[in-house]
Amino acid sequence: MAFLEVRDLTVAYGAIQGVRGVTFAVEQGQIVSLIGSNGAGKTTTLRTLSGLLRPVSGEVWLDGTPLHRLPAHEILAHGVAHSPEGRRLFARMTVEENLRLGAYTRRDEAGVVADLDRIYDLFPVLGQRRRAKAGLFSGGEQQMLAIGRALMSRPRLLMLDEPSMGLSPIMTQKIFDTVRDLRAEGTTVLLVEQNALAALALSDRAYVIDLGRTTLSGTGAELLADPRVQAAYLGEGVTS
Ligand SMILES: Nc1ncnc2c1ncn2[C@@H]1O[C@H](COP(=O)(O)OP(=O)(O)OP(=O)(O)O)[C@@H](O)[C@H]1O
Ligand SMILES: [Mg+2]
């Protein structure tokens, strides 16, 4: 069994089916991406994995433990952290207060302080302005803070929903470089991205979600070379 296994997940919002058959696996230490168009079901999948939504059917297993019946705080305690679409920071709280929220289940204050320092090493701009209010930061800085907050739970699986949304190319590169660094440190990353080109270039493995179903999978390089992926998600120019 893989480190993370998601089997035939279906999720509904009342009468609307958000996800109707998502299956994928993530090996430990990998970066795995889910790509797909608007409304494909990527966010719904991540929200279900973190326990914010309950699946109608299907299973989620992390390291041999079934997560699909657990409440969100227990899933967090099992090591799954989620940096949500749109970041969801507390604008009137400081950088450090936002980061500490990511560690709210932890009792080891010394470890929390060590992890704050680690986040400030990873993102020096956060360390320099740790007492500034989060709402004053640029989009890219807020994204760093959202990732940092997720890392404060010391996750075994870090899920990032659209980390490059609204960011400049340079800031996007910085975020993706950080994701690479996190993998090098042993963090397993599940990445959702509309920027398919950048995500696939970085991914050990990727899955395409189309209309709520996983339809294609392969290594990042395989999907980059796949004409169906090029036509639907990479736009013109990549093939020429
Ligand atoms: N709160 C909600 N209530 C009802 N339907 C929803 C809700 N959230 C999402 N949906 C529907 O579920 C489907 C999947 O949406 P989801 O947000 O998971 O897509 P996505 O792949 O993350 O899209 P995007 O790339 O635009 O973020 C869509 O048809 C969407 O309209
Ligand atoms: Mg989404």
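Bear in mind that the values in this text are calculations on the coordinates, not laboratory data. None of these values were measured; they are calculated from a predicted model. Reconstructed Cβ throughout: ideal geometry from the backbone, glycine too, with neighbour counts over all protein chains shown.
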Hypothetical label at Arg106: residues of the stretch 50-81 whose amide nitrogen lies under 18 Å (7 Å Cα-Cβ projection): 73-81
How much of the DSSP bridge set in the stretch 5-118 is antiparallel, in percent, rounded to the nearest 5? 100
Under 11 Å from the Cβ of Ala72, count the other residues' Cβ atoms, weight Lys and Arg +1, Asp and Glu -1, and hand me the total. +1
If the chain between Val113 and Glu59 were fully extended at 0.36 nm per residue, the gain over the current Cα-Cα distance would be 15.9 nm
Fully extended, how many nm does the chain gain between Ala231 and Val125 (0.36 nm per residue separation, minus their Cα-Cα distance)? 34.3 nm
With a sphere of radius 13 Å drawn around the Cβ of Leu89, what net charge do the other residues whose Cβ falls strictly inside it have (Lys, Arg +1; Asp, Glu -1)? +2
For the chain, what is the percent of antiparallel DSSP beta bridges, rounded to the nearest 5? 55
Take the Cβ-Cβ distance between Ala221 and Arg180 as r, set R0 to 22 Å, and report the resulting FRET efficiency rounded to the nearest 0.05. 0.90
I need the shape label for the stretch 42-89. Rule: rounded when a/c is under 1.5, else prolate if a/b > b/c, else oblate, with a, b, c from the alpha carbon gyration tensor. oblate
Divide by every residue of the chain the summed helix terms, -39500 (n - 2.57) for each DSSP H run of at least 4, and state the resulting mean residue ellipticity at 222 nm, rounded to the nearest 500 deg cm²/dmol. -9500 deg cm²/dmol
Nitroxide proxy distance, nm - points 7 Å out along Cα→Cβ at Leu197 and Glu74: 4.5
Taking the number of other C-beta atoms within 10 Å as the exposure measure, put Ser50, Ser168 in order starting with the fewest. Ser168, Ser50
Rounded to the nearest 20 Debye, what is the dipole magnitude of the chain about its Cα centre when Lys and Arg each give +1 and Asp and Glu each give -1 at the C-beta? 720
